[in-house]
Amino acid sequence: MSRKERTFSRYAREAATLLGHRIRLGRLERRWTEQELADRAGISRATLQKIEKAELTVAIGLVFEVAALVGVVLFEADRESLARHTARADEKLALLPAAVRKSGKPVDDAF
């Protein structure tokens, strides 16, 4: 059984490209080699190259960790503000009816 290639929206591809560029710029500003950043992040050099080249198959946690290591601000510059926004989102999610929060049906997102 062959695996279907995942397609991504133009927006997702462009956002990943911008993030990959910002990560590479952060690495270069720190004068780190690819291997040095990969070692700091606990990933392979090949994975770092995928992140910098905006390959959307890399786990988002890895991308966020690498971004944090080179100083790329993703949401909020300070932890308190980020924590406040996270708490507010949690409160809003808790107010949603159970039928909206959990769906037993698989989503067909192939467009």
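Observations, loosely collected:
- Qualifying positions in the stretch 45-76 - touching a Lys or Arg at 6+ places or on another chain (Cβ under 9 Å), loosely packed, with under 14 Cβ neighbours inside 10 Å and small (Gly, Ala, Ser): Gly71
- Flag for Glu36 being of a type in the set (D, E, K, R), open to solvent by 50 Å² or more (accessible area, probe 1.4 Å) and within 20 Å of Leu18 (Cα to Cα): no
- The conditions of being without any contact (Cβ under 8 Å) to a residue 40 or more places away in the chain, among the charged types (D, E, K, R) and open to solvent by 70 Å² or more (accessible area, probe 1.4 Å) are met by Arg79.
- First in the stretch 20-31 and closer than 11 Å to Ile51 by Cα and open to solvent by 100 Å² or more (accessible area, probe 1.4 Å), second anywhere and in a helix (DSSP H, G or I) and acidic (Asp, Glu), Cβ under 8 Å, 6 or more apart: His21/Glu52; Arg24/Glu52
- Val100 vs. criteria under 19 Å from the mean Cα position of the chain (by Cα), at pLDDT below 95 and either part of a loop (DSSP other than H, G, I, E, B) or not aromatic (Phe, Trp, Tyr) (or both): no
The values are calculated or read from the model by the stated rules, or taken from the named source; none is laboratory data. Worth saying up front: this structure is predicted, and the values here are computed from it rather than measured. Please note: Cβ atoms are built from the backbone with ideal geometry, for glycine as well, and neighbour counts cover all protein chains shown. Please note that ligands, DNA and RNA were not included when accessible areas were found on the heavy atoms of the full protein model with its side chains. Shrake-Rupley method; radii C 1.70, N 1.55, O 1.52, S 1.80 Å.
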